[in-house]
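Before I ask anything, here is the structure I am working with.
The values are calculated or read from the model by the stated rules, or taken from the named source; none is laboratory data. Because the structure is predicted, anything quoted here is derived from the model rather than measured. In this analysis, Cβ positions are derived from the backbone assuming ideal geometry, glycine residues included, and neighbour counts consider all displayed protein chains. Only protein heavy atoms, including side chains, enter the accessible area calculation; ligands, DNA and RNA are left aside. Shrake-Rupley method; radii C 1.70, N 1.55, O 1.52, S 1.80 Å.
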Amino acid sequence: MDMQQKSNPGKGYYVVQLSASGLTAPYVGITGTQIQVKINAEIQVTDVDISVSEREQSSTPRSERVPANGMLPNVLKLDHHQKLALTFKVSQKGNAAAIAVHQAFVRLEHGTSGEEIIYMAELDPSTKLYKMDLDVLSSGKNFGFVSGEYKMELIVGDAVVENSLVWPIARLNLQFSEQGEPARRFRDELRAKPEIRHVFRVPEARPSKAVSSAFTVLVAVPLLVLLVLWMKLGANLGGFSFSPATLGFHIGLGAIIGLLYCYWTHLDMFTTLRYLTIVGIVTFVAANRMLRQKAAQRTKSAKSD
């Protein structure tokens, strides 16, 4: 059934209630079944008027009617002493009554930079007309104070409208109280950025091989002197015990010295600390047991004397 031809409803969403009954068995009827339907419609925008007036309202506003499906032939010039008012009517085709739509916007696009700003047209309940006001002085910040020619477009749409439209209606020459520079267009921000190449700090210069060797020799001199003195004077190893605690302490002490050497040559700090924790615990336990053994031996010797 063609509902638009039978009842001519307006656009929107409707709930259709169906009731049917069976005349003969075994058919069973239904009662009160509801179905939601959407009725689309074609709209038309008429009575598009653009008026320019002084901010102080000292003169009568000059108004111009935009021709149907066209745009004003002349460029409207406005400065910061003036303001603009746009009114238009939205109706369903074949019906002169005004209707409301979900989307009614006015877009202003700069002719050179392509920067745009969009205003929302609001429906006046008293006149049933959509209206948009533009005060050049107070709106300068929204435009970035970029003066020049702007294209004015009317955007009207709805979920149940078949012929949503974008209608260029006029060209405006706006002159703001301050002057700004056209900003980069938004789509420029979506372009690929230059590749970021990371530059690491150049490593500090290391000393020459001769200097490193000389420093190594200087560090080893005290140990060499100690060994020479032990050989000359004679090392007293009579009190050295080959118990596990004593061997563990000296081996652990040597491992710590060797670990420090490895840290100096190729190990990093975290690896060194991990190994040092294990070796240090073993060395600490062995040293404690060795000292306890030494103290016990001294106590025993004192009693025997």
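Which distance in nm do the two modelled labels at ALA214 and ARG289 give, with both placed 7 Å along the Cα-to-Cβ direction?
If labels sit at ALA214 and ARG289, their model points lie 4.8 nm apart.
Then there is this: Order 198-207, 221-230 from most to least packed using the mean count of other Cβ atoms within 10 Å.
Put in order of decreasing packing, that is 221-230, 198-207.
To the nearest 500 deg cm²/dmol, what mean residue ellipticity at 222 nm is calculated for the chain from DSSP H runs of n ≥ 4 alone, each contributing -39,500 (n - 2.57), summed and divided by the residues?
Numbers: 4 runs with 87 residues, N = 305.
After summing the helix terms and dividing by residue count, I get -10000 deg cm²/dmol.
Right, here's the next one. Full-extension gain between ALA85 and GLU149, please, as 0.36 nm times their residue separation minus the C-alpha to C-alpha distance.
21.3 nm
Please say if segment 209-265 is rounded, prolate or oblate, where rounded means a/c under 1.5 for a ≥ b ≥ c the square roots of the C-alpha gyration tensor eigenvalues, and otherwise the choice is prolate for a/b larger than b/c and oblate otherwise?
It comes out oblate by the Cα gyration axes.
So for the pair ILE256, ASP47, with labels modelled 7 Å out along Cα→Cβ, what separation do we get in nm?
Reported label-point gap for ILE256 and ASP47 is 9.8 nm.
Shifting gears a bit: Over the chain, what percent of the accessible surface lies on carbon and sulfur atoms, probe 1.4 Å?
59
Here is a follow-up. Could you work out how much longer the chain between GLN36 and ASN163 gets when fully extended? Use 0.36 nm per residue separation minus the Cα distance between them, nm to one decimal.
43.5 nm
Considering only SER212, VAL66, GLY254, whose Cα is most displaced toward the positive end of the charge dipole of the chain, charges sitting on Cβ of Lys, Arg (+1) and Asp, Glu (-1)?
GLY254
If I model a spin label at LEU233 and GLN179 as a point 7 Å from the Cα along the Cα→Cβ vector, what separation in nanometres do I get?
Distance between label points: 9.2 nm.
Just list whichever of LYS38/LYS131; LYS77/LYS151; LYS131/LYS151 have alpha carbons separated by over 20 Å in the model shown.
LYS38/LYS131
Can you tally the net charge around ALA98? Count Lys and Arg as +1, Asp and Glu as -1, for every other residue whose Cβ sits under 9 Å from the Cβ of ALA98.
Here the charged neighbours net out to +2.
If you don't mind, there's one more thing I want to ask. Mind giving me the FRET efficiency for LYS131 and SER19? R0 is 41 Å, r the Cβ-Cβ distance, nearest 0.05 is fine.
So the FRET efficiency works out to roughly 0.35.
As I understand it, the value is the acute angle between the Cα axis of helix 209-233 and the longest principal axis of the Cα atoms of the chain; what does it come to in degrees, rounded to 10?
Once rounded, the angle reads 30 degrees.
Compute the accessible area per residue over the chain, keeping the other protein chains in place, probe 1.4 Å, unit Å². Write down the numbers at each step before the final one.
Values: 22060 Å² over 305 residues.
Normalised by residue count, the accessible surface of the chain is 72 Å².
Would you mind calculating the relative contact order of the chain from Cα pairs under 8 angstrom and at least 6 residues apart, reporting the percent as a whole number?
13
Helix 244-265 against the longest principal axis of the chain: what's the angle in degrees, Cα atoms only, rounded to the nearest 10?
So the inclination is approximately 50 degrees.
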